[in-house]
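Encoded as structure tokens, the structure appears first; notes follow it.
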Amino acid sequence: MNHFQRKGGVLLAEDLPVEALAERYGTPLYVYSTATLTRHWKVLHRSLAGIRHVVCYAVKANSNLAVLGLFARLGSGFDIVSGGELFRVLRAGGDPRKVVFSGVGKTDEEIAFALEAGVRVLNVESAPELARISIVARRMGRRAPIALRVNPDVDPRTHPYISTGLRDNKFGVSVDDARRLYPLAAKDPALEVKGIACHIGSQITTVRPFLDAIDRVLALAKDLGRQGIRFAHLDVGGGLGITYKDEAPPHPDEYGAAIRKALARFPGEVLLEPGRVLVGNAGILATKVLYVKRSGRKTFVVVDAAMNDLVRPSYYGAHHEIELAGAAREGGREITADVVGPICESSDFLAKRRRMPEPQPGDVLVVRSAGAYGFAMSSNYNTRPRAAEVLVDGRRVHVARRRESWADLVRGERTLPAPKARAGQAGPAVRRRARRQALPASRRIG
């Protein structure tokens, strides 16, 4: 369920026409629906009613401050993977006591920042990282709350780039390594064992892989419990998929019921790290048609959004539904076309071989399901300013990020200093004096 629906043939973002938003705020433009974001979070939260739990939104999916602030007001926790994401969460009003710090390459500075902020737990992904956290905590005179991210070697049957729970993936530690590392961590005075965690991937469309992973982690937790190691929480990760085209992922109610049943006897709290399922279908990308180009047998619809704005199609081969924001023209013909952007790469496309009503220059197209890993993965490639982001709430609009200007693109950069005069070569001041002296007295200045 999302709040991007048609009325009278015109696509609305809640109560506002997308065409009007594009006209007012320009394109490319990311548009997020407050009602959809709120509903998705509440539905997932309610699906776990009956067990103690914390929904920790995965910030990497969409890190806009307005989105984070909305989730913080709902009571959400946050799953982060960098110091920058922690900075954003704190700036947006998030509670650090509900923050889970994941990621395979935490620096000393990031670890220290997390400990100073008072995050709930650091999910540790290797033996060397566990040692570094201990060193940093000892240096600061603190105890670091930790959980090991266990790699359960479960195939989530998703795109290989977003699979994270297999033996060959870079994430987490093996079950055998966890059995060895947890007793060491429990004896380290600089560490405080809080929980056990797993995360097997993203865009998962069946419940079974989640349950398989939970079974393996629970078995490990029971084994360690016999050694006197107790866990205050179990982090089941995120990864629940959404519908981009014809996928049929489980409803959050089905997912929540399965999680509740699997963890009915676990005495601690359950943490979740949902990302895409909360924000993916809560956002769209609006883009303007520049030209319709025909080249041999091919037709290209050239738009002002590009792979720098939405990289998923070229990077993952991802599918996003694309449609006209306005009502279809009577008598208009249909074409099969590639929707492409202005970037100087053949990989710059938003869709290939799409059947659509033939658009006209100036028409606004809408790329669906762009709320997750859309703006968050955007760049300034080809020196293109990044898009604006707006959050719609009924008939109100909040500019969540203004469009970048050309000046923004070079902010922080510096040109080379003027070259110094070489030996025997007059410097600028000398040359200026020489020019003044060479002028007639009536034309000299200063």
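On inspection, Ser378 fails the criterion of being under 23 Å from Arg297 (Cα atoms), in contact (Cβ under 8 Å) with a residue 24 or more places away in the chain and crowded, with 18+ Cβ neighbours inside 10 Å. Confirm whether Ser174 is hydroxyl-bearing (Ser, Thr, Tyr), within 20 Å of Ile259 (Cα to Cα) and either out of contact with any Asp or Glu (no Cβ under 8 Å at 6 or more places or on another chain) or modelled with pLDDT of 90 or more (or both). No. Cβ-Cβ distances below 6 Å connect the following pairs, each with a first residue in the range 347-366 that is under 17 Å from Tyr30 (Cα atoms), a second residue that is among the hydroxyl-bearing types (Ser, Thr, Tyr) and modelled with pLDDT of 95 or more, and a separation of six or more residues or different chains: Leu365/Thr287.
Each row is one residue, and each column tells you yes or no for (1) more than 22 Å from Asn123 (Cβ to Cβ); (2) charged (D, E, K, R).
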| position | (1), (2) |
| --- | --- |
| Phe266 | no, no |
| Glu269 | no, yes |
| Arg276 | no, yes |
| Ala286 | yes, no |
| Lys293 | yes, yes |
| Val303 | yes, no |
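In the range 236-272, which residue that is more than 23 Å from Lys222 (Cα to Cα) and β-branched (Val, Ile, Thr) is surrounded by the fewest Cβ atoms within 10 Å (Cβ to Cβ)? For the range 236-272, the residue satisfying everything is Thr243. Being under 16 Å from the mean Cα position of the chain (by Cα) and not hydrophobic (A, V, I, L, M, F, W, C) is the filter; apply it to the range 299-323 and report the residue that is modelled with the lowest pLDDT. Filtering first and then ranking leaves Tyr316. Among the residues of this structure, Ser47 does not count as one that is crowded, with 23+ Cβ neighbours inside 10 Å and at pLDDT 95 or above. Residues in the range 51-90 that are touching a strand residue (DSSP E or B) at 6+ places or on another chain (Cβ under 7 Å), small (Gly, Ala, Ser) and closer than 16 Å to His199 by Cβ: 2 in all. So in the range 50-73, with the set limited to residues that are out of contact with any Lys or Arg (no Cβ under 7 Å at 6 or more places or on another chain) and within 30 Å of Ala264 (Cβ to Cβ), which one is surrounded by the most Cβ atoms within 10 Å (Cβ to Cβ)? The qualifying residue surrounded by the most Cβ atoms within 10 Å (Cβ to Cβ) is Tyr57. Condition test on Gly172, is it more than 30 Å from Arg142 (Cα to Cα) and crowded, with 16+ Cβ neighbours inside 10 Å? No; evaluated as a whole, the condition is false for this residue.
Restricting Val89, Val104 to residues that are among the hydrophobic types (A, V, I, L, M, F, W, C), surrounded by fewer than 17 Cβ atoms within 10 Å (Cβ to Cβ) and either at pLDDT below 95 or closer than 30 Å to Arg138 by Cα (or both) narrows the list to Val104. Summed over the range 185-215, the residues that are part of a loop (DSSP other than H, G, I, E, B) and crowded, with 21+ Cβ neighbours inside 10 Å give a count of 5. Figure legend. Inter-residue proximity from the range 134-159: first residues more than 30 Å from Ile242 (Cα to Cα) and not assigned by TED's automatic domain parsing to the domain that holds Glu247, second residues assigned to a helix (DSSP H, G or I) and modelled with pLDDT under 95, beta-carbon distance below 6 Å, spacing 6+ or different chains. No pairs are indicated.
Entry remark, the range 4-44: residues being free of Cβ contacts under 8 Å to residues at least 60 places away in the same chain, surrounded by fewer than 20 Cβ atoms within 10 Å (Cβ to Cβ) and in contact with a helix residue (DSSP H, G or I) (Cβ under 9 Å, 6 or more places away or on another chain) number 3 in total. Only one of the numbered conditions (1) surrounded by 15 or more Cβ atoms within 10 Å (Cβ to Cβ); (2) in contact with a strand residue (DSSP E or B) (Cβ under 8 Å, 6 or more places away or on another chain) is not met by Val311, and that is (2). Kindly check whether there is at least one residue in the range 312-335 that is over 24 Å from Leu21 (Cβ atoms) and either assigned to a strand (DSSP E or B) or of a type in the set (Val, Ile, Thr) (or both). Taking every residue of the range 312-335 in turn, at least one turns out to be over 24 Å from Leu21 (Cβ atoms) and either assigned to a strand (DSSP E or B) or of a type in the set (Val, Ile, Thr) (or both). Of the set (1) modelled with pLDDT of 95 or more; (2) in a loop (DSSP other than H, G, I, E, B); (3) not aliphatic (A, V, I, L, M), all apply to Pro267 but (1).
One residue stands out among those in the range 33-92 that are assigned to a helix (DSSP H, G or I) and among the small types (Gly, Ala, Ser): the one that is nearest to Pro274 (Cα to Cα), which is Ala61. Here Leu166 meets each of (1) of a type in the set (A, V, I, L, M, F, W, C); (2) within 17 Å of Val104 (Cα to Cα); (3) modelled with pLDDT of 95 or more with one exception, condition (3).
The values are calculated or read from the model by the stated rules, or taken from the named source; none is laboratory data. Fair warning: this is a prediction, and the values are worked out from it, not measured in the lab. A quick note on method: Cβ atoms are made from the backbone with ideal geometry, for glycine too, and the neighbour counts reach across all protein chains shown.
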